[in-house]
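Colleague: Quick one: this structure, given as structure tokens, is what I'll be asking you about.
The values are calculated or read from the model by the stated rules, or taken from the named source; none is laboratory data. Source: prediction; values computed, not measured. Methodologically, a virtual Cβ is constructed for each residue, glycine included, from the backbone with ideal geometry; neighbour enumeration extends over all protein chains shown.
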């Protein structure tokens, strides 16, 4: 069994990006610049944004953090986005989700210029991904694809079973694994809460991607010998064995499943760290105008 | 075995739309108006466009056919689209594909105002479909969904196997069958040329949707008893048994498969006629501003 070490790969990607940035600086190229908008002061959102800003610093990107109060009017947020859209120095912009209930996420996301939508949430980027045109791919699926590539995992003709049909993981993942080329060319099955015999379907998987948000949902008996298992789940549960009183659990019962796998992601340290690497990669692409020219 | 009679259902839908149009006329509402652009004079394209224009007439829509020569410059075609985009009387516009090699289909499709993209090919409409926002859905998948609805076929928890991963059938079909609600909530498997054991996968299908473009690919032994089989394929093959010397064949070996099915579409007269009904439906939605307000 080989551990898909997202922490290590993410560090590697960051170091590659840092070298590119150093090269850009040397040649007088503009440094990539990411803007992040945070509305309110939700603890988890603060943590995520702080991670992203810190990652920008690590690789030498410029970053701008825009803070708006919980009660900000939607119109003001949209104007802020317009401002960033117009600012030629800023290459990419992300709006930390979720937003307060009085603000339409749909309107906010659609307001972002597609060329700067490095989260890949704008319908144009989602649509272009589906019809196989260059597009920003959102962080989690992009990170998983990168892991598969870096470990040179065969996907062509494999049966890839995806548990979960969310907009940000399940659906784009299905598109990516089924499309022509590598990674891709897999036979893809999407399962969800309405799936019957989910155990049986999982046992058919050569590659199992789990994004249910149910701690330890996938047990050893659900996995075929030699399968590749990618665990996107992350649930915080109480624990008497950690100093903090909490521990993070994936959607996969690691100890049981690891015994049967050819490759498996740990939680934490698997898919999680790859998401920030993806965001940095997209921001670099934006700075180089690789997607939209 | 029940025949999914696309010809009958399509006629039914047209008659429903015709009544709506009559109602609109009575109340002084603007009549729906579809513009179709055809470039060059390819035989098949001419036939398709003629069918669409005729269908508009049948239901009482206005239609405008724009003809451009094979050698038209891309810029001129784009200007024509701009003109139609600005024309408040025109609700929907379609550009008959394929286009000559010197014209970028991507640029042409992206130039169409999303609000008038009744073919549902614009990335915004594709993306919105994926993330479950109101969108124009392209004709073939939309037509299949309508057939499933009209025959009240159960989809929740069913295993839907889709053969083919094209942008216009396989991919949107997978999204539609897997999404929440009815029709949908199915476990969806997408197969294609790289799929191993395709016979075995097909035999698991409760609902089998075939869009391979390979005449009579699906044989009786590939279908489970009681399955629903939807045949999107249409291939013209030589025949000594028809006056024209040609006959149309689906991707499914009808005589063998029909014996085992609960429901099956004939070819011709199944999915085909539903596509024009879908286009009319989308044009009506555009006229009523149902999708984009």
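Colleague: Quick check on segment B:164-176. Is at least one of its residues over 27 Å from residue B:276 (Cβ atoms) and either modelled with pLDDT of 95 or more or not in a strand (DSSP E or B) (or both)?
Modeller: The answer is no; no qualifying residue exists.
Colleague: Any idea how many residues of segment A:145-159 are crowded, with 16+ Cβ neighbours inside 10 Å and either farther than 30 Å from residue A:97 by Cα or touching a strand residue (DSSP E or B) at 6+ places or on another chain (Cβ under 6 Å) (or both)?
Modeller: Of the residues in that region, 4 qualify.
Colleague: Condition (residue is without any contact (Cβ under 8 Å) to a residue 24 or more places away in the chain, surrounded by fewer than 21 Cβ atoms within 10 Å (Cβ to Cβ) and under 26 Å from residue A:11 (Cα atoms)) applied to segment A:55-63: is it met by at least one residue?
Modeller: yes
Colleague: Go through segment A:178-203 and give me each residue that's more than 9 Å from every other protein chain (Cβ to nearest Cβ) and either under 13 Å from residue B:159 (Cβ atoms) or in a helix (DSSP H, G or I) (or both).
Modeller: Scanning segment A:178-203 gives A:199, A:200, A:202, A:203.
Colleague: Something else about it: Could we say that residue B:49 is in contact with a strand residue (DSSP E or B) (Cβ under 6 Å, 6 or more places away or on another chain) and touching a residue at least 12 places away in the same chain (Cβ under 8 Å) here?
Modeller: yes
Colleague: Among the residues of segment A:234-254, how many are assigned to a loop (DSSP other than H, G, I, E, B) and either outside the structural domain of residue A:159 (by TED's automatic domain parsing) or modelled with pLDDT under 95 (or both)?
Modeller: 8
Colleague: Please find, among A:110, A:75, A:79, A:83, the residue that is surrounded by fewer than 23 Cβ atoms within 10 Å (Cβ to Cβ) and closer than 25 Å to residue B:171 by Cβ. Walk me through it before giving the result.
Modeller: Numbers: A:75 fails: closer than 25 Å to residue B:171 by Cβ; A:79 fails: closer than 25 Å to residue B:171 by Cβ; A:83 fails: closer than 25 Å to residue B:171 by Cβ.
Result: A:110 is the single residue among A:110, A:75, A:79, A:83 that is surrounded by fewer than 23 Cβ atoms within 10 Å (Cβ to Cβ) and closer than 25 Å to residue B:171 by Cβ.
Colleague: For segment B:89-153, which fully contained helices (runs of 4 or more DSSP H) count at least 1 residues that are touching a residue at least 60 places away in the same chain (Cβ under 8 Å) and over 24 Å from residue B:50 (Cα atoms)?
Modeller: Where helices (runs of 4 or more DSSP H) fall fully within segment B:89-153 and carry at least 1 residues being touching a residue at least 60 places away in the same chain (Cβ under 8 Å) and over 24 Å from residue B:50 (Cα atoms), they are B:139-150.
Colleague: Scan segment A:138-160 for residues that are within 26 Å of residue B:157 (Cα to Cα) and at the interface with chain B (Cβ under 9 Å from one of its Cβ atoms) and jot them down.
Modeller: A:157, A:158, A:159
Colleague: Anything in segment B:100-137 that is more than 16 Å from residue A:123 (Cβ to Cβ), within 11 Å of chain A (Cβ to nearest Cβ) and in contact with a helix residue (DSSP H, G or I) (Cβ under 6 Å, 6 or more places away or on another chain)? List them, or say none.
Modeller: Passing the criteria: none in range.
Colleague: Collect the residues in segment A:58-88 that are out of contact with any strand residue (DSSP E or B) (no Cβ under 7 Å at 6 or more places or on another chain) and either in a loop (DSSP other than H, G, I, E, B) or in the same structural domain as residue A:167 (by TED's automatic domain parsing) (or both), keeping them in residue-number order.
Modeller: Passing the criteria: A:60, A:69, A:71, A:73, A:87, A:88.
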